[in-house]
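Worksheet: the structure to be examined is printed underneath.
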Amino acid sequence: MAGVAAQAETVVLDGCAIATVDAAGTEYASGHVVIRDGRIAAVGAGQTPNVDGARRVDARGCLATPGFVNTHHHLYQWLTRGYAADGTLFEWLTALYPVWAHLDAELEYVAASAGLAALALSGCTTAMDHHYVFPTSGGDLLAAEIEAARRIGLRFCATRGSMNLGRSAGGLPPDEVVEDADRILAECESAVAAYHDPSFDSLLQVALAPCSPFTVTGELMRDCAELARGLGVRLHTHLAETRDEEEYCLAHFGARPVDYVESLGWLGDDVWLAHCVHVNESDIAKYAATGTGVAHCPTSNARLGSGIAPIPELLAAGAPVGLGVDGVASNEHGGLAEELHQALLMARARLGPQALSARQALWMATTGGARCLGRSEAIGSLEVGKLGDVALWRLDGLGHTDIADPVTALVFGPPAPLELLLVGGRVVVSGNELRTADVTQIAAANRTGARELARRAGVA
Ligand SMILES: [Zn+2]
């Protein structure tokens, strides 16, 4: 992937509205963005001065934003959408574990291609994946999804997830989908050695991500934290998603989820946690004090009836909050642009129309997400010197043209057509179509893959 940025041409976007999402919230009603050698070379008001050899894009009628950052996903779930449609998290997981037990690298590649294509088409330039199902004879699933990220052309944060607390030991998953702790730690270490690129322009990073308090032992959580800190990589897990989880933690560990993971060394500015729906004032203060990030997944939380995370309170406290689609078995839509809209509506349903603004939703999808992934130096805002990851949204069509404020149009309106998506200046989407791979072929392979997985699991 290192060669991708080097191949990118100079691109000039001219005449668009721009929301830079920089620290001052700088916006331009009509301006330009220049991307050269994979990085932003200029951004400002008015027309661009002539740039020799550049590809000039007439961006009138469009809004340029930083490319979106997805902070929580399970790409393999593109093969299992629509299962357990009316189940709670624990019911849904219990129905799905036996299906996921039949995953292999070939199916992972198919699912990840579909998931990453959908993310690209919804404005995402940096994707992460929390992969924690590694069947013994499944092959190299991490390598398969990394290959899919190269194919689609997105910046990628792969996590080596894990489960080692099977049903016979008091956990939720069946024993056939859990792994031995020693094997997990060895695999984590070799994934970092093989794939993690810490450079500024990096297209691929690795984090460690044991699955959740009810699928992983406390000892493994502690060991993963120690290993990650020794290797200089980040930590991710699910936390405080449902009331069932809170009851599980109180019954098994005598502590609520946030107190439990704090005791294992799992709060800090190198940690981001998915969901955090059931957190109280004291938990929120701990996130803010330690810089622990939150991956907010409003659609998934609503689909599973888990509740609504206290995002306005987390933002007011100063905690880094990003957005995530979560796996599509609990969010069949799978697009990231939709999560800005959902986050806005959910916060307002709880606390009224001033609970969350369109600009706060955009901040979470960009700068907030970059902070969660530890990459705010390089991505998450349109500023000179940062990476050329840009989404250009068309707002002059039926869905948006009469809404005067472009950020309001993007977040309040229907999903906007994506005129252009650049990753390090390289075109991934143009004219609302994926340019790096054939979406029809990806969809056909996904349909076949979903049927194959269902057949293997005996549910077809
Ligand atoms: Zn998840």
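Read-outs: derived from the displayed coordinates by stated rules, not from any lab. Because the structure is a prediction, the values reported are computed rather than measured. With ideal geometry, Cβ positions are generated from the backbone for all residues, glycine too; neighbour counts draw on all protein chains shown.
Using only alpha carbon pairs under 8 Å that are at least six residues apart, calculate the relative contact order of region 380-460 and give it in whole percent.
For region 380-460, the relative contact order is 23 percent.
What distance in nm lies between label points placed 7 Å from Cα along the C-beta direction at A169 and S282?
Computed distance between label sites A169 and S282 equals 2.9 nm.
What percent does the relative contact order of the chain come to when contacts are Cα pairs within less than 8 Å and at least six residues apart?
Reported relative contact order: 21 percent.
I'd like the FRET efficiency for E383 and T94, computed as 1/(1 + (r/R0)^6) with the beta carbon distance as r and R0 of 41 Å, rounded to 0.05.
After rounding to 0.05, the efficiency reads 0.35.
For region 229-335, just say rounded, prolate or oblate: build the C-alpha gyration tensor, square-root its eigenvalues into a ≥ b ≥ c, call rounded for a/c under 1.5, and beyond that prolate if a/b exceeds b/c, oblate if not.
rounded
Would you mind calculating the gained length between A85 and A255 on full extension (0.36 nm times residue separation, minus the Cα-Cα distance), in nm to one decimal?
58.1 nm
Rounded, prolate or oblate: pick one for region 77-209, where a ≥ b ≥ c are the square roots of the eigenvalues of its C-alpha gyration tensor, a/c under 1.5 means rounded, and failing that, prolate if a/b is larger than b/c, else oblate.
Oblate.
Given H placed on each backbone N at 1.01 Å, which residues far from G166 in sequence or on other chains put an amide H within less than 5 Å of it?
Residues meeting the criterion, in which the H sits 1.01 Å from N, are G171.
Could you check the simple spin-label distance between R350 and A42, using points 7 Å along Cα→Cβ, in nm with one decimal?
Spacing of the two 7 Å Cα→Cβ label points: 4.4 nm.
Given N residues in region 167-316, what is Rg(Cα) / (2.2 N^0.38 Å)?
1.06
List, in order, the whole-Hz ³J(HN,Hα) value for each residue of region 15-22 obtained from phi through the Karplus relation with A = 6.51, B = -1.76, C = 1.60 and θ = phi - 60°; use x for Gly and Pro.
Rounded to whole hertz, the list is x, 8, 5, 9, 10, 6, 6, 6.
Taking 56 Å as R0, compute the FRET efficiency from the Cβ-Cβ separation of D180 and A404 and round it to 0.05.
Here the calculated transfer efficiency is 0.40.
Which of rounded, prolate or oblate describes region 375-460 when judged by the alpha-carbon gyration tensor and an a/c cut-off of 1.5?
Prolate, since a/c reaches 1.5 and a/b exceeds b/c.
Using just the helices of the chain, give the 222 nm mean residue ellipticity in deg cm²/dmol: DSSP H runs with n ≥ 4 each add -39,500 (n - 2.57), and the total is spread over all residues, rounded to 500.
One gets -11000 deg cm²/dmol as the mean residue ellipticity at 222 nm.
Which whole-number percent gives the relative contact order of region 135-277, counting Cα pairs below 8 Å spaced six or more residues apart?
It rounds to 21 percent for region 135-277.
Give the calculated FRET efficiency between E247 and A24 to the nearest 0.05, with a Förster radius of 45 Å applied to their Cβ-Cβ distance.
The formula returns an efficiency of 0.50 here.
Per-residue HN-Hα couplings for region 255-261, Karplus 6.51 cos²θ - 1.76 cosθ + 1.60 at θ = phi - 60°, whole Hz, x for Gly and Pro?
Values per residue, Gly and Pro as x: 8, 6, x, 5, 5, 4, 6 Hz.
For H130, what residues show an amide H to amide H distance below 5 Å, using hydrogens built from the backbone and excluding near sequence neighbours?
Distant-sequence amide H within range of H130: H73, H74, L75.
Please report the base-10 log of the normalised intensity I(q)/I(0) for region 266-390, using a Debye sum with one equal scatterer per alpha carbon and no solvent, at each q in 0.19 (1/Å).
-1.04
In degrees, nearest 10, range 0 to 90: what is the angle between the Cα axis of helix 141-152 and the longest Cα principal axis of the chain?
Helix 141-152 sits roughly 10 degrees off the main axis of the chain.
In whole Hz, with x marking every Gly and Pro, tabulate ³J(HN,Hα) for region 99-116 from phi via Karplus 6.51 cos²θ - 1.76 cosθ + 1.60, θ = phi - 60°.
In residue order, the calculated couplings are 6, 4, 4, 9, 5, 9, 4, 5, 5, 4, 4, 4, 5, 5, 4, 5, x, 6 Hz.
Under a plain spin-label model, where a point goes 7 Å from the Cα along Cα-to-Cβ, how far apart in nm are R435 and A460?
3.7 nm
Amide H to amide H, which residues 5 or more places from C62 or on other chains are under 5 Å from it, using H placed in the peptide plane?
Close amide H contacts, sequence-distant or interchain: A17, L395.
Summing Lys, Arg as +1 and Asp, Glu as -1, what charge do residues with Cβ under 12 Å from the Cβ of R167 carry, R167 excluded?
In short, -2.
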